Each structure stands twice: as structure tokens, then as C-alpha cells.
1. What ranking of Val36, Val139 emerges when the number of other C-beta atoms within 10 Å of each C-beta is taken as an exposure proxy, fewest first?
2. Would you work out if the stretch 1-96 is rounded, prolate or oblate? Take a ≥ b ≥ c from the square roots of the eigenvalues of the alpha-carbon gyration tensor; rounded if a/c is under 1.5, else prolate when a/b is larger than b/c, oblate otherwise.
3. In whole angstrom, note down how far apart the Cα centers of the stretch 416-471 and the stretch 197-261 are.
4. How high is the FRET efficiency from Asp59 to Lys324, r the C-beta distance, R0 41 Å, rounded to 0.05?
5. Give me the percent relative contact order of the stretch 188-256, please, defined on Cα pairs under 8 angstrom at least 6 residues apart.
6. Using a basic spin-label model with each label point 7 Å from the Cα along Cα→Cβ, how many nm lie between Asn525 and Gln345?
7. Return the unpartnered cysteines for the chain, using a Cβ-Cβ cut-off of under 4.7 Å.
8. Rounded, prolate or oblate, given the Cα gyration tensor of the stretch 454-528, with a/c below 1.5 counting as rounded?
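What follows draws every value from the coordinates through simple rules; no lab data is involved. As the structure is a prediction and not an experimental result, all values here were calculated from the model. Note: ideal-geometry Cβ built from the backbone for every residue, glycine included; neighbour counts use all protein chains shown.
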Amino acid sequence: MIGTTAPAKPSRNEGLKENCPTLAGTIGPTLANPAVERFTDDDYEFLKFHGIYQQDDRDKRKVAKQYIFMVRGRLPGGLVKADHYLTFDRLASQHGNNTLRITSRQGFQFHGIVKSGLGPTMKGINDALATTLAACGDVNRNVMAPPTPATSTLLAQVQDDARRVSNALLPQTRAYHQIWVEGVELNLEDEAARNFIDPLYGKTYLPRKFKTAFAIPPLNDVDVFTNCLGFVAIIEEGKLAGYNLLAGGGLGMSHGNAQTYPRVADVIGFFRPEHLVEVAKAVLIVHRDFGDRTNRKHARLKYVLEEKGPEWFRDEVEQRAGFKLEAARPFQFTKQGDLFGWHRQHDDNYFLGLYVEAGRIKDTDQYQLKSALRKIVERFRTEIRLTPSQNLILTDVKPADREAITGILAEHRIPVENQATVIRRASMACPALPTCGLALAESERILPDLLGRIEQLLKETGLEDEEIIIRMTGCPNGCARSFMSEIGFVGKAPGKYQLYLGGNQASTRLNRVYRETVKNEDIVNELRPLFTRFARERIGAERFGDFCERVILKEMPASTPA
Ligand code: SRM
Ligand code: SF4
């Protein structure tokens, strides 16, 4: 049969899902068996749908592989009620590494849980009526929404919509509850369990992860263009007229694989709020039906958009939603990022934005954020909101309680004014080593030191108060959205990074490769001529990212992969 090629085979994960649509695998029996320290490779994949990653401490690999677990909470819009927070704080101390990690999608991660602590952690989270279901896996992940109370009077409505979409896109398997809450194995004698097929996702769920975010212009604090599915609130005459639908954003890529690339979402059309859930489901179903199930590196919705085009996509969504989208309405983003310090809400209460270095809530010799937050939440029952930039907000604080909260923070060496330099406040790093199995280089552990060196350089070049958005990731998966920053460092090998330049403040533009490999110790020397030129040649209040896009990247030879 010369000239014919066999159709590509579905990936291994597709077979796993098809053979076990409940996603139970053999998690229950392995959990119950104390003699086994790890789950099988198949269960490793099923565990993700339950919000769990089996990892090993990479600092200890040379001695022996020590299995640990990362558990990720799903918190739509980053909302954490006081009771939830106190439970998370306790579980992180009892079973994790005594830290809580705010994620770049407004979730919480527990790190360093050993197998015997996994069951109690999961039960504790669920007993507090929180969940980790669908925080990971080939399903819709944590839905992002703007967290900051002062941004819009319509914030509560948009937050509610985010929760509505999150609930509508949840997988329906009962295995999660049975394993982690009831502590029983799924009874496969039970016909319903044996024949279970998820009504929305079908037998094999999605070809890959799926991400959703809501934004309210002009603030793009959720980085909406990096999501598979984006909803941009259109506010007319003080009311929510509807949403512009965005689709096909995503950042992950692999070094040296041109089939993979970061992509910003396309603007598809506009619809009224009452159609929100139909539209969300329609977009998810297009991914389910057209995503590449043969190659997981090419399986995200962004590749469907890139290869079939936004017009085709719009048609498919309309057919599934059962109505026509209107033309997209005008909108403009001007900035991203968080507000820090005390601010007044729309009611008479206040909120406090707190900078959290690399999103890690912990106690150190220099400051005790974890203890301070526990005291505050215990005493004032404050609601916490996690931001997409890995910071947090204490909300609905009564005017009379402000002083006491400021005092508790001061006792734990956390200032509410001038919490960190502009550079640090605008930075993000992914966890990378020692927990992430995919890390090629350090990120969270070295960014603070690197930022110190960059701050020195800014001083030296007369740019001391300049805000530059700097993000670092330990590999090109882009978890801290390094491809949208003004300066991005992307891990290539231990101590070595690709250097990206040219993102913008509104986070609507991808940055581009400026240097293929820079050693950590050479980064400052690489940046010095750029900062010097920026100080000399910038136009007015031009930002560093815009200057790089206008000048530096234009000067690069055509052969450079920028
Ligand atoms: Fe991520 C995989 C951490 C946001 C793209 N990500 C991972 C894993 C689970 C590693 C693994 O698969 O073994 C990392 C766990 C590290 C650890 O030890 O904790 C991990 N990702 C994170 C977090 C914690 C980074 C952070 O600094 O906060 C974020 C958790 C968000 C959440 O609460 O759900 C996180 N990951 C992102 C984002 C940013 C976003 O969604 O806004 C991206 C880029 C956007 C996108 O999805 O395209 C992202 N993570 C990836 C990818 C690349 C996917 C791809 O399309 O190629 C992987 C690898 C994979 O899925 O195979 C990955
Ligand atoms: Fe791990 Fe890479 Fe994500 Fe960093 S960017 S957390 S190294 S997968």
C-alpha cells in the first residue's frame, strides 16, 4: 500500500480515559494500602482529575526518590471564605510543607504531602465544603475572575457568572466523592458506575486541559488572552450588556518543537448574559470534538483556532449554542496587576491588597505571613481573595478593624505601605524546583535574588522607580505566563534561560525571544545595554516592553527566531 499512511493513533491518555470514564483507576486500593508508597503510572494520570500530582522531591533525587504529592484547590474567582482559609492553613501545617502556594490561576496548592497524609488532606478540604475536583486534568480548570473589590460595581455579578460557568463545566463522576470523602471504592458491580459516561465530557473527556477567565476592561488582571475561553464584560450605561467571547489562547510550548507555540486568543463575537452557559459549553464541546487526540503536545484548543480559523470556529460555536453571536463590541484594556495597601470598596468597607513573594504564604526568619493571616482570619473572619498575579486581598474589612489588622501584620513584620519595590510587585515566578517534575531550571527560588540584582541595575541606569513586568518560569510551559511579560525568563537547562522581551502593560501582546540562552549570572550584563538605551531613547513615558517592541526587537536580524 505505497503512498498511504495509517491514521495517527490516539495518545495513551485517551485509552486510559476510555477504559475508565469514572476516573477512579485503582486510586482507592492504592490509597488504602500503606505498604505502597506511590500510585501507578496510570493512576498518576487519573489523580490529576482529582486535583493531585504525584511528584518527588528533586533536591533529594541523588539520595533516593522520595514521593510527595501536590494538591491543588479549585477556587473560582479566587474566593476563599474564612472557614476554608483556616482549614487550608491547618492542613498545610499538618500534612504539607507548612506553606500555601497561591497559583497564577487564583488557586491554592499544597506541596510536600506524603502518601499517608493525602487522604486526610483531601477529606479535610472536602469536609470544609471546598474541593479539588477538576483543578487539573483534561477538563475545565479553575475559572478566573477579577478579584479586586474596587474595580467595578459589577464585580459581584461577574464573579457570580464565573462560578456559574465553573459549576456548569464540572465533571460528574462520583468516584471523587467516594474515594476522598466516603473512603469507599467505586462499586463496579453497580451498573450505573460501570456504564458511567459524563453527560458533557463524554467517555474520553477533553483532548487536553481547558482554561476559562472573565475580565472587566480596562483591567486585564486575569490575563484573559492567554485562556482557551475568555469572557470580556461589556458594560453599557452602568449595566452588564453581555460578554465578548474570546477563544484560543494558551502559552505552553516545548523547546525545539515548532509545532508548539504560545498564542493569544481571538475575539469571536458578542452575546447577552443569559446565553453564558450555552456559549461556555459550546466552546468546550468544540474542543472536545476537534482537539487533536493523537498528540498531547498539539491538543489544546489554540491549535484548533490557529488551524481552522476564527470564522470556522464561530460557526461551530453557533451551531452548538443554538443562536447567532453578534459582532464583538469595542473594548480596551489598559493595564494588568493588583492594587496594594488599604483601599475603600464600593460600600463603606475596606480591602487590603497584600504582596506575596512568588505566591508563597509562609513563615520565615524575616516575616511571618502565614501566622499573621491565620490570626487575622480567626479574629475578624475576613474573606480572602487570591489574585491571578499570586497576591492576596483581605476583603470586606470594617473601618474600625483596619488599625488592628495593620497592627497584627506589623507584629509579623509585614508592612501595609511600601510592601515591596515596583519591580517585585509586578513579578511572578512558577514553583519549578524542587517540586515540579518538568522544571529544567530554578524559578521561584532564584527570582527574588535576581530581582535584587536587576533593582541595582535600574538604580545604576537611572530607572529606579520604573515598573517593568518580569516573569520567570523553569521551563517553556509558561505557568507564570512568562510569554506575556515585558521581560521573560524561560528555563532551558540548570542555570540557563531564554530571554524574552516585548510584552505590554495591558497583557494583550506576546513577547519574543531576544536571546536563546543566557546564564543566570550573565543576565544583568545582558540587560545593562538595554536599560541604558531605554533610559536614553524612550519616548515620553514609554514602557520598557513597548520600547523593546519598537526598537530592540526591530533591530534583530531576520534569522533570529524572534
Ligand atoms: Fe502549569 C504543568 C504549576 C498555571 C501551563 N503546571 C504544570 C505542573 C502541574 C507540572 C506537571 O505537569 O507535572 C506544575 C506543578 C508545579 C508544582 O510543583 O507546583 C504547574 N501551573 C502551575 C502553577 C502552580 C504555576 C504558578 O506559578 O502558580 C499554576 C497553577 C494554576 C491553577 O491554579 O490551576 C499554573 N500552567 C499555568 C499557566 C498559566 C495560566 O493558566 O494562566 C499555564 C500557561 C497557560 C496555558 O495553559 O497555556 C500553564 N502547566 C502548563 C503546561 C503547558 C500546557 C501546554 O499547553 O503545553 C504544563 C505541562 C502540561 O500540561 O503537560 C503545566
Ligand atoms: Fe513546572 Fe515548567 Fe510550569 Fe514552572 S513552567 S511550574 S517548571 S511546568
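1. Val36, Val139
2. It comes out prolate by the Cα gyration axes.
3. 27
4. 0.15
5. 22
6. Reported label-point gap for Asn525 and Gln345 is 5.3 nm.
7. For the chain, the answer is Cys20, Cys136, Cys228, Cys436, Cys475, Cys548, because their Cβ atoms have no other cysteine Cβ under 4.7 Å.
8. The shape class here is oblate.
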